[in-house]
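*Asks:* One structure coming up, written as structure tokens, with questions to follow.
The values are calculated or read from the model by the stated rules, or taken from the named source; none is laboratory data. All of these numbers come straight from a predicted model, not from anything done at the bench. Glycine gets a Cβ as well: all are built from the backbone with ideal geometry, and neighbour counts include every protein chain shown.
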Amino acid sequence: MMREKVWQDVIAVAQLEPGDVTPVTAGDRELAIYDTLDGIRVSYARCTHGAANLCDGYFDGCHIECPLHQGLFDARTGAALAAPARVGLRMIEARVENGMVQILI
Amino acid sequence: MTQDVRTPITQALNDGVLTRRELKELMRRSDGPAFVWLALWFATVGATGGLVWLTMDSWWLWPAMTLHGIVLVHHFSLQHECIHYTVFRTRWLNDLVGNLCGLVIILPNRFFRYEHCDHHTYTQLHGHDPELIPLPMTLKGYLWYISSIPYWRAKFSELFRHAAGSLNAAERRFTPKEEHRTLILEARLMVLFYLAILGFCFMTGNWSPVWYWWLPVVLGEPFMRAIRMTEHVGRPNVADMTENTRSNLISMPMRFLCWNMNYHAEHHYAASVPFHALPRLHEKLQGYVHVEPRGYLGAHIDIIRQLLGRSPRSDKITSAGE
């Protein structure tokens, strides 16, 4: 039987890098918290191409660029936008509650 | 699932060499420095091309074409920056300029991008790094590489193989299957482009492309081969980026020509840092990466000493720090 997803706190909003991407570990998951122009978004942190940590990449408020090969993703949707990235990011539903970033997991 | 460190920059951050905030500051993109640099670039190409024109009827033509060629082959450096998307903030401008540079030096841009990705993943690792230049066994082998004959032979056979619709096993490893048709089309367009110019020369009797472009590129390529050797040749074939790459301290004009790519170890540490910020990254990484203070000449002295047996060969080193 599948466990029902619940909202979990991952980091205080005040601890986020403003307008940037912040690395967070939740259990054994490496996550990337993006402070995008459209609000907070969360994805698994590893690039789907070469497994580099996207939190070390260049972020312009909408797009996250892999630090190793400069593949490009839309941090709001997870879509892969430029080679060598082909597979989109795995996004996790996120919200802000009482000053905390929460993920539904 | 948490994985091991995969990128040098993650390693540098973990080692506390620089902070994430410093890194992000260095990664900041801007179109401004690139436009200034490009204006100077066009002026330089125009000036050396002007020298070719001025010397057309004398023996000075050959040194002038060589000088012009040294500038032209440095389109490689600009193209290299473009495939990392670190020249312009506006991403499509990097694609445009990268492709134009590729036309100048016969290097299809998209193929180069895929090949270069694996170079960054497997830097200096035999059998994995598709751009690896082996440490020559002899002085003759060293001079043979610098002659550029093996380079052109490999590049032309690669181009014609792709244009004929075929990629070899190594190329299929670092290019996704879905991209093969694009890469083949890119090679065909490159061949057509050169055939069209050749046709123009025959039809009009105007052979300017030969004197102002093709011959200079051939004459300049040995200098580019020698410069490319300074980046990794003579450094150990190990995964550790503090060991396998060499930065070279060179003069300002040469830094201009190579778009700061002499800071090569810094570039490998953080390939998302734009060319204009590499000198600042160099300051941050001092003592952490391998730097050759004597520049290109010092790097070649190091390489020649190794192949003459005056110092241990780097390709015999099997682990960092050995």
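*Asks:* Which residue pairs have Cβ atoms closer than 7 Å, lie 6 or more positions apart in sequence or on different chains, and pair a first residue in region A:68-95 that is more than 10 Å from chain B (Cβ to nearest Cβ) with a second residue that is basic (Lys, Arg)?
*Replies:* A:ALA75/A:ARG41; A:ARG76/A:ARG41; A:GLY78/A:ARG90; A:ALA80/A:ARG86; A:MET91/A:ARG41; A:ALA94/A:ARG41
*Asks:* Among B:PRO253, B:PRO216, B:PRO274, which is farther than 20 Å from B:GLU131 by Cβ, in contact with a Gly (Cβ under 9 Å, 6 or more places away or on another chain) and either modelled with pLDDT of 95 or more or not hydrophobic (A, V, I, L, M, F, W, C) (or both)?
*Replies:* On the way: B:PRO253 fails: in contact with a Gly (Cβ under 9 Å, 6 or more places away or on another chain); B:PRO274 fails: in contact with a Gly (Cβ under 9 Å, 6 or more places away or on another chain).
Matching residue, one of B:PRO253, B:PRO216, B:PRO274: B:PRO216.
*Asks:* Quick one: is A:VAL21 over 16 Å from A:ALA79 (Cα atoms), surrounded by 18 or more Cβ atoms within 10 Å (Cβ to Cβ), in contact with a Phe, Trp or Tyr (Cβ under 8 Å, 6 or more places away or on another chain) and more than 8 Å from chain B (Cβ to nearest Cβ)?
*Replies:* On the way: over 16 Å from A:ALA79 (Cα atoms): yes; surrounded by 18 or more Cβ atoms within 10 Å (Cβ to Cβ): yes; in contact with a Phe, Trp or Tyr (Cβ under 8 Å, 6 or more places away or on another chain): yes; more than 8 Å from chain B (Cβ to nearest Cβ): yes.
Taking the combined requirement at face value, the residue satisfies it.
*Asks:* For B:SER314, indicate whether it is over 25 Å from A:ASP60 (Cα atoms) and touching a residue at least 12 places away in the same chain (Cβ under 8 Å). Outline the logic, then answer.
*Replies:* Working: over 25 Å from A:ASP60 (Cα atoms): yes; touching a residue at least 12 places away in the same chain (Cβ under 8 Å): yes.
Yes; evaluated as a whole, the condition is true for this residue.
*Asks:* Further question: Determine, yes or no, whether A:GLY99 is under 21 Å from B:ALA271 (Cα atoms), in contact (Cβ under 8 Å) with a residue 24 or more places away in the chain and out of contact with any His (no Cβ under 7 Å at 6 or more places or on another chain).
*Replies:* Details: under 21 Å from B:ALA271 (Cα atoms): no; in contact (Cβ under 8 Å) with a residue 24 or more places away in the chain: yes; out of contact with any His (no Cβ under 7 Å at 6 or more places or on another chain): yes.
So A:GLY99 does not fit the description; no.
*Asks:* Next question. Restrict the check to region B:276-285 and report whether at least one residue is within 18 Å of B:ARG28 (Cα to Cα) and among the small types (Gly, Ala, Ser).
*Replies:* Checking region B:276-285: at least one residue is within 18 Å of B:ARG28 (Cα to Cα) and among the small types (Gly, Ala, Ser).
*Asks:* So, one more: Could we say that A:TYR58 is of a type in the set (Phe, Trp, Tyr) and within 12 Å of chain B (Cβ to nearest Cβ) here?
*Replies:* Details: of a type in the set (Phe, Trp, Tyr): yes; within 12 Å of chain B (Cβ to nearest Cβ): yes.
Yes, satisfied.
To keep it simple, each residue is scored yes or no on (1) within 28 Å of B:LEU67 (Cα to Cα); (2) away from every other protein chain (no Cβ under 14 Å); (3) buried (at least 23 other Cβ atoms within 10 Å of the Cβ); (4) among the basic types (Lys, Arg).
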position	(1), (2), (3), (4)
B:THR245	yes, yes, no, no
B:MET252	yes, yes, no, no
B:LEU281	no, no, yes, no
B:VAL289	no, yes, yes, no
B:GLY298	yes, yes, no, no
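Yes/no matrix, rows are residues, columns are (1) closer than 30 Å to B:VAL97 by Cα; (2) facing chain A (nearest Cβ under 10 Å):
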| residue | (1), (2) |
| --- | --- |
| B:THR7 | yes, yes |
| B:THR10 | yes, yes |
| B:LEU23 | yes, yes |
| B:ARG29 | yes, yes |
| B:ALA34 | yes, no |
| B:TRP37 | yes, no |
| B:GLY46 | yes, no |
| B:LEU51 | yes, no |
| B:ASP57 | no, no |
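*Asks:* Inside region B:100-212, counting only helices (runs of 4 or more DSSP H) that do not spill past its ends, which hold 2 or more residues that are within 14 Å of chain A (Cβ to nearest Cβ), of a type in the set (Phe, Trp, Tyr) and surrounded by 14 or more Cβ atoms within 10 Å (Cβ to Cβ)?
*Replies:* Details: elements: B:109-121, B:139-146, B:149-163, B:169-174, B:180-204.
Passing ranges, in order: B:109-121.
*Asks:* Contact list please: Cβ distance under 6 Å, first residue in region B:297-309 and within 19 Å of B:THR245 (Cβ to Cβ), second residue surrounded by fewer than 19 Cβ atoms within 10 Å (Cβ to Cβ), pairs at least six apart or on different chains.
*Replies:* B:ARG305/B:SER311; B:GLN306/B:ARG313
*Asks:* Here's a check for you: in region A:43-54, which residue that is out of contact with any His (no Cβ under 9 Å at 6 or more places or on another chain) and more than 8 Å from every other protein chain (Cβ to nearest Cβ) is nearest to A:ARG76 (Cα to Cα)? Full working, then the answer.
*Replies:* Of region A:43-54, the ones out of contact with any His (no Cβ under 9 Å at 6 or more places or on another chain) are A:43-46, A:48, A:51, A:53-54.
Subset that is more than 8 Å from every other protein chain (Cβ to nearest Cβ): A:43-45, A:48, A:54.
Values: A:SER43: 9, A:TYR44: 13, A:ALA45: 14, A:THR48: 16, A:LEU54: 14 Å.
Result: A:SER43.
*Asks:* Also, quick follow-up: Just to be sure before I move on: is B:MET27 closer than 30 Å to A:GLU30 by Cβ and either under 24 Å from the mean Cα position of the chain (by Cα) or surrounded by 12 or more Cβ atoms within 10 Å (Cβ to Cβ) (or both) in the structure I sent?
*Replies:* yes
*Asks:* Name every residue in region B:244-269 that is under 14 Å from the mean Cα position of the chain (by Cα) and within 15 Å of B:GLN11 (Cα to Cα), in order of residue number.
*Replies:* B:ALA265, B:HIS267, B:HIS268
*Asks:* Across region B:78-94, which residue is nearest to the other protein chains (Cβ to nearest Cβ) among those that are part of a helix (DSSP H, G or I) and not aliphatic (A, V, I, L, M)? Full working, then the answer.
*Replies:* Within region B:78-94, the subset part of a helix (DSSP H, G or I) is B:78-83, B:91-94.
Now restrict to residues that are not aliphatic (A, V, I, L, M): B:79-82, B:91-92, B:94.
Details: B:GLN79: 14, B:HIS80: 12, B:GLU81: 11, B:CYS82: 10, B:ARG91: 7, B:TRP92: 10, B:ASN94: 9 Å.
Here the answer is B:ARG91.
*Asks:* Considering only residues that are under 20 Å from B:ALA271 (Cα atoms), buried (at least 21 other Cβ atoms within 10 Å of the Cβ) and aliphatic (A, V, I, L, M), which ones fall in region B:221-243?
*Replies:* Residues satisfying the conditions are B:ILE227, B:MET229, B:VAL233, B:MET241.
*Asks:* Moving on. Filter region A:28-58 for residues that are crowded, with 24+ Cβ neighbours inside 10 Å and more than 11 Å from the chain's Cα centre (by Cα) and give the result.
*Replies:* A:ALA52, A:ASP56, A:GLY57, A:TYR58 - these are the residues of region A:28-58 that are crowded, with 24+ Cβ neighbours inside 10 Å and more than 11 Å from the chain's Cα centre (by Cα).
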